[in-house]
Amino acid sequence: MPVSASSSRAQVRWRRSLQAEILTAWSDRLHRTWARELEAETGIDNGLRRCGGLHVAGSEAGRRRLAAALARWRDLGIRCERLDGAALAAREPALAGAVARGVIEAGVLLSDEAQIRTSRHLDALHASCLARGVTITPATVHGIAVTGDRVTGVDTTAGTIRAGHYCLAAGSWSGGLAASLGLTLETVPIRGQIVLVRLPRQVLAWIVSFGLDYLVPRPDGRLLVGATIEDVGFAADTTATATADLMGVARRLLGDIPDERVERTWAGLRPGNVDGVPSIGRAPRQRNAWVSAGHFRAGIHQSTGSAVLLADMILGARSPDRPVFDDRAFDPARPAPADPGHGESVRAYLDRVAEAVAAPP
C-alpha cells in the first residue's frame, strides 16, 4: 500500500515524540540518582520527592487527551491507573468538591510522579561543579567567533572565552546565537507565571494536573500554582491578571481556602520548539559546536538525560544505562514540520490555551 506524504510526516512526528518520551523517562531515573549523589557530595537536598500525581479532566476534550496520555504512559511502562470521579475523591479528598460540582469527572494516577525544588537543585549543581574545578564565569554573550568549520571563541562581557568544544544552551536566547553557527533554531520565548500560596495547612496530598495548569503541594505547607503559557516575547514580568487567573484555577479545584495568602509570584521564559522535541547534538557546520536547546516546559525535567546524552555525543561514548535512541530525532538541523500546530509543539500549546479560555479542561 502506498504511503501518502501526510501519513509519512505523521510517522516521523510520532517517532520524534517517542524519542522525547524516552528521554523524559530516562531523565526521571537519572534525577533520582543525581539527587542522592548531589546531596552526598554537597550536603544540599534538592527537594526531589516522589509524591505521586493526579491528572484530571472534566471536559470531553480533556478526557480524550487524558486517554491518549494514558496509552503513551502504558507503552513506556510507567505505572498509571485510570480513576473515575468517585475514586478520585477517595484518593484526594480535597478534590471531592470539584468532583461533586462536575468540574472533574475522570483522572489518571501516576504514583511515581515527583517534584523538585529547582533553586536547590541548581545550587547543588553549582556547588558540585566548583568542587570539580569547573570555572563558572557570569557574563553576557555578544557573539560566537567561527573560522572555517570550527568555533574559535565566544565573545562576552568578561572577554573572549576559548575552549576545545562549545555547547550552546542559552534557553530562549539560543535561537539568536545559533545564527552565528549558520543554524536556525526556533527557541521562541514562552512566559510562564507561577504563584506560591501560603496555606494555614496543606490541603493536598498529590500533585494535581488539570489541563495545562497544575497544583504542587510542598512539604512546607505551601502550594505552587502554575503556569501560564504566554507568547509575549522576552517580557519576564508578572501580571495581576495572571495571578488572579491562577488563583481561580486553584479555587475551582479546591474551593475556597480560608486564610490563603499569595506569598510570591514569579515568571520565567521557556524556550519553545516547533515540533515538541528539544535540539540535542552537533551543529552541522562546525566540528566542535554542540547544541542543547528548545526543551520548552520540560527543561528541568529532561535536563539530566539531555546532559548525559550530549556528553556521550561529544566524547563518542555510551553511558551504561543509556536507552536506545534514534539521535536523528534531536538533530538541531532537522527540518521544521509542515504543520507546526501539531502535538507537543509550542503552537499546539498556544492553541490549547485559546481553547481552554472558551472551554475549560
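The values are calculated or read from the model by the stated rules, or taken from the named source; none is laboratory data. Computed from a predicted model, the values in this text were never measured in an experiment. Quick reminder, even Gly has a Cβ in these numbers, built from the backbone with ideal geometry, and neighbours come from all protein chains shown.
The set of residues in region 226-246 that are hydrophobic (A, V, I, L, M, F, W, C) and surrounded by fewer than 16 Cβ atoms within 10 Å (Cβ to Cβ) comprises Val232, Phe234, Ala235, Ala236, Ala240, Ala244.
Criterion applied to Ala179, Ala170, Ala205 was being out of contact with any Ser or Thr (no Cβ under 7 Å at 6 or more places or on another chain), more than 21 Å from Pro271 (Cβ to Cβ) and of a type in the set (Gly, Ala, Ser), and the one residue passing it is Ala205. Among the residues of region 158-204, those identified as under 30 Å from Gly53 (Cα atoms) and in contact with a helix residue (DSSP H, G or I) (Cβ under 8 Å, 6 or more places away or on another chain) are Thr187, Val188, Pro189, Ile190, Gly192, Gln193, Ile194, Val195, Val197, Val203, Leu204. Restricting region 232-264 to residues that are among the hydrophobic types (A, V, I, L, M, F, W, C), at pLDDT 95 or above and touching a helix residue (DSSP H, G or I) at 6+ places or on another chain (Cβ under 8 Å), the residue that is farthest from Leu199 (Cα to Cα) is Phe234.
Per the listing Ala139, Ala145, the residue uniquely touching a Gly at 6+ places or on another chain (Cβ under 9 Å), in a loop (DSSP other than H, G, I, E, B) and either hydroxyl-bearing (Ser, Thr, Tyr) or farther than 21 Å from Gly299 by Cα (or both) is Ala139. Taking the listed residues Val216, Val262, the one that is surrounded by fewer than 22 Cβ atoms within 10 Å (Cβ to Cβ), touching a strand residue (DSSP E or B) at 6+ places or on another chain (Cβ under 8 Å), β-branched (Val, Ile, Thr) and farther than 27 Å from Val346 by Cα is Val262, with no other qualifying. Please tell me if Leu224 is assigned to a strand (DSSP E or B) and over 23 Å from Val56 (Cα atoms). So Leu224 fails the test. On the stretch given as region 205-221, residues that are of a type outside the set (A, V, I, L, M), in a strand (DSSP E or B) and out of contact with any helix residue (DSSP H, G or I) (no Cβ under 8 Å at 6 or more places or on another chain) total 3. Being more than 26 Å from Ala114 (Cα to Cα) and either more than 19 Å from the chain's Cα centre (by Cα) or outside any strand (DSSP E or B) (or both) holds for only one residue in Arg297, Arg285, and it is Arg285.
So, in region 174-211, of the ones that are free of Cβ contacts under 8 Å to residues at least 40 places away in the same chain and of a type in the set (A, V, I, L, M, F, W, C), which residue ends up nearest to Ala106 (Cα to Cα)? Taking the candidates together, the pick is Leu177. Being buried (at least 22 other Cβ atoms within 10 Å of the Cβ) and not in a strand (DSSP E or B) is the requirement here; does Asp275 meet it? Against the criterion (buried (at least 22 other Cβ atoms within 10 Å of the Cβ) and not in a strand (DSSP E or B)), Asp275 qualifies.
Listed by first and then second residue, the pairs with beta-carbon distance under 8 Å, at least 6 apart or on different chains, first residue in region 304-317 and farther than 14 Å from Asp331 by Cα and at pLDDT below 95, second small (Gly, Ala, Ser) and surrounded by fewer than 15 Cβ atoms within 10 Å (Cβ to Cβ), are Ala317/Ala311.
Taking region 31-107 and the helices (runs of 4 or more DSSP H) fully enclosed by it, the elements with 3 or more residues that are among the small types (Gly, Ala, Ser) and modelled with pLDDT of 95 or more are at 85-91, 96-100.
Count of region 150-177 residues, restricted to those that are over 16 Å from Leu310 (Cα atoms) and in contact with a Phe, Trp or Tyr (Cβ under 6 Å, 6 or more places away or on another chain), is 1.
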